Amino acid sequence: MQENKEEYLKIAKEYLLNRHGDIVQIFEDDINETDDTFCFHYQSKKFFETLRFEDQFVGQGPLFILKRSKKIISYGSATGEMPGLIKIINQLNKERLIRVFYKDYDIWDGKYDLILIKLKMKWVLKK
């Protein structure tokens, strides 16, 4: 899946360029792939050059790209890769379940109010 990885790497680089300018670099040796996502980590280019603590960015977390939609999900440093991935998988599983009934549902769209109602059923046995 190397060609796929390159496509998502290009998307991540373009996103970071548009968001931060030409001052960041992705750790290309640390790109993680799951069934649904690619995960990227990045840091300042100056840090890559100097490896000095004072040249590091603070606050950025993992950058995920969903394979199906190419949607970018960026977390802060309070969310590590595993907690971020768990959040994403939970959202995707909810979306898959809802799509059984609403085929075009997009949980990332933000225009839905999802209300879950607990149903209680009584079973009555008649003689």
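The values are calculated or read from the model by the stated rules, or taken from the named source; none is laboratory data. Predicted model, so just to flag it, every value in this text is computed and none were measured. Heads up, the Cβs are rebuilt from the backbone with ideal geometry, glycines too, and the neighbour counts pull from every protein chain shown. Accessible surface areas use protein heavy atoms only, side chains included; no ligands, DNA or RNA. Shrake-Rupley method; radii C 1.70, N 1.55, O 1.52, S 1.80 Å.
With the requirement that a residue be of a type in the set (Gly, Ala, Ser) and either in a helix (DSSP H, G or I) or in contact (Cβ under 8 Å) with a residue 40 or more places away in the chain (or both), what does region 1-40 give you?
The answer is 12, and nothing else.
For region 41-108, please list each of the strands (runs of 3 or more DSSP E) lying entirely inside it that holds at least 2 residues being open to solvent by 30 Å² or more (accessible area, probe 1.4 Å) and small (Gly, Ala, Ser).
Hits in region 41-108: 72-76.
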